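Everything below concerns the one structure shown next.
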Amino acid sequence: TAWVMVATAFVLMMIFNLGYFEAGLIRTKNAINPIMQMWTGVCILSCTWYIIGFSLVFGTSHIVIGSVEYTCFFNVPDRTPFKGQTIPGTLFGIYQMMFFTIT
């Protein structure tokens with residue numbers, strides 16, 4: 001559990017470092033733009049993942065897409081392992097959210 005928390009923090013740092021990398025590739029007067037785009041993207045995509053994304057990806061499958069049983073992380077176990085995992089469900093969801101936002 002502790003290692004997944006550390007890995008989640010590392011991925012979060014990767015997201016913002018990608019913004020600083022992109023800022024270094026453009027002129028100095030425009031450097032704030034990609035950094036603000038990263039912040040905005042992380043905020044919007046994190047909310048999207050929390051509200052519906054986790055449910056559509058890890059919900060009970062209906063041919064192609066999942067269901068809405070985990071909308072807003074309802075019914076996701078917070079202290080017991082998620083389906084087939086050894087870490088709590090909310091931690092698994094946050095870990096997956098970091099990769100959702102960096103992609």
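Determine ³J(HN,Hα), in whole Hz, for all residues of region 38-47 in sequence, where each value follows from phi through the Karplus function 6.51 cos²θ - 1.76 cosθ + 1.60 and θ = phi - 60°; x replaces Gly and Pro.
Per residue, the Karplus-derived 3J(HN,Hα) values read 5, 4, 5, x, 5, 5, 5, 5, 5, 5 Hz.
With every protein chain left in place, what is the accessible area per residue of region 1-93 in square angstrom, probe 1.4 Å?
66 Å²
Starting at the first residue of region 13-22, write each ³J(HN,Hα) from the Karplus equation 6.51 cos²θ - 1.76 cosθ + 1.60 with θ = phi - 60°, in whole Hz, x for Gly and Pro.
Whole-Hz 3J(HN,Hα) from phi for region 13-22: 5, 4, 4, 6, 5, 5, x, 5, 4, 5.
Using a 1.4 Å probe on the protein heavy atoms, what percent of the accessible area of region 31-103 belongs to carbon and sulfur? Walk me through the numbers on the way to the answer.
Working: 3100 of 4500 Å².
Summing carbon and sulfur atoms, their accessible area is 69 percent of the total for region 31-103.
Amide H to amide H, which residues 5 or more places from F82 or on other chains are under 5 Å from it, using H placed in the peptide plane?
Under 5 Å from the amide H of F82: I87, G89.
Here are several values of mean projected area of the Cα convex hull in nm²: (i) 6.6; (ii) 7.3; (iii) 7.8. Which one was derived from the coordinates shown?
Given (i) 6.6; (ii) 7.3; (iii) 7.8, the calculated one carries the label (ii).
Per-residue HN-Hα couplings for region 53-62, Karplus 6.51 cos²θ - 1.76 cosθ + 1.60 at θ = phi - 60°, whole Hz, x for Gly and Pro?
3J(HN,Hα) across region 53-62, in whole Hz: x, 4, 5, 5, 8, 10, x, 4, 6, 10.
Please give the Cα centre distance for region 59-103 versus region 9-53, rounded to the nearest Å.
Between the Cα centres of region 59-103 and region 9-53 lies a distance of 23 Å.
The values are calculated or read from the model by the stated rules, or taken from the named source; none is laboratory data. Every value quoted in this text rests on a predicted model; they were computed, and no experiment measured them. Only protein heavy atoms, including side chains, enter the accessible area calculation; ligands, DNA and RNA are left aside. Shrake-Rupley method; radii C 1.70, N 1.55, O 1.52, S 1.80 Å.
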